[in-house]
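The values are calculated or read from the model by the stated rules, or taken from the named source; none is laboratory data. Note that the structure is a prediction, hence the values are computed from the model and not measured. A quick note on method: Cβ atoms are made from the backbone with ideal geometry, for glycine too, and the neighbour counts reach across all protein chains shown.
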Amino acid sequence: MSGKKISVIIPVINEADNLKKLLPHLKNNHAEEIIMVDGGSTDNSKEIALSYNIKVIDSPKSRAKQMNAGAKIATGNILYFVHADSIPPSSFYQDILKQIETGYQFGCFRSLFDTKNKFLLINSYFSRFKGMMFRGGGQTLWITKQLFSDLNGYNDSLLLMEEYDFLKRAAKKTDYKVIQKDVLVSTRTYDNHGNFKTQLVYGMVMFGFFRGVKQEKLLNFAKFWLK
């Protein structure tokens, strides 16, 4: 595993509370390089990140643009994209390196919602399977920097669903691995808007995306129903 370095990239907008949990977790579990890409936070997200002595850069507000900006300055040959409200397994570093060594160039983990709600736990269960309909950004994404470069990174013209677009393009290049360990994922959107409604909106947006519905229309739809 010598010669392999993982750069963790976290796109952020107003995630102060979550960063207080995520950053020490990453630091305590061998993260060599952590890059927080701020999209215009108005809370103290940047101050918290700097207190943990990690790299902090600014980017226009857009998850795709933020992640591309982080990848651009990353010094690792493996990129690991993590949402601020997700907590990877403590063994993430070793797990990723192991899969890279076996020949996989990208992949993710399972997701486990931080709840006892049966609806969301059933939702989490299906993340162990491969297939686009079982994927989500909260599962985190690891990928070799070379493959990321070959794919020209995330499509930063997209307003949403940028991770699905990226996974779809990457899967055409090579097979991927779902590591059978859980990323603990926040339920905040479900808590704020209800489980059924949130899942229905997500499903409609995904269906519309793969049917070629315009980004602006999908974004307006999601914002209207998940205000």
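In this structure, Glu32 does not qualify as under 28 Å from Lys172 (Cα atoms) and of a type in the set (Asp, Glu).
Assess whether Lys98 counts as being within 23 Å of Leu19 (Cα to Cα) and at pLDDT 95 or above. No: the conditions fail for Lys98. Scanning the stretch 161-175 for residues that are touching an Asp or Glu at 6+ places or on another chain (Cβ under 9 Å), within 26 Å of Leu226 (Cα to Cα) and assigned by TED's automatic domain parsing to the domain that holds Glu15 turns up at least one hit. Counting only helices (runs of 4 or more DSSP H) that sit completely within the stretch 111-227, those holding 1 or more residues that are modelled with pLDDT under 95 correspond to 118-125, 162-173, 188-193, 195-210, 215-225.
The selection criterion, being surrounded by 14 or more Cβ atoms within 10 Å (Cβ to Cβ), in the same structural domain as Thr75 (by TED's automatic domain parsing) and without any contact (Cβ under 8 Å) to a residue 24 or more places away in the chain, holds for Val56.
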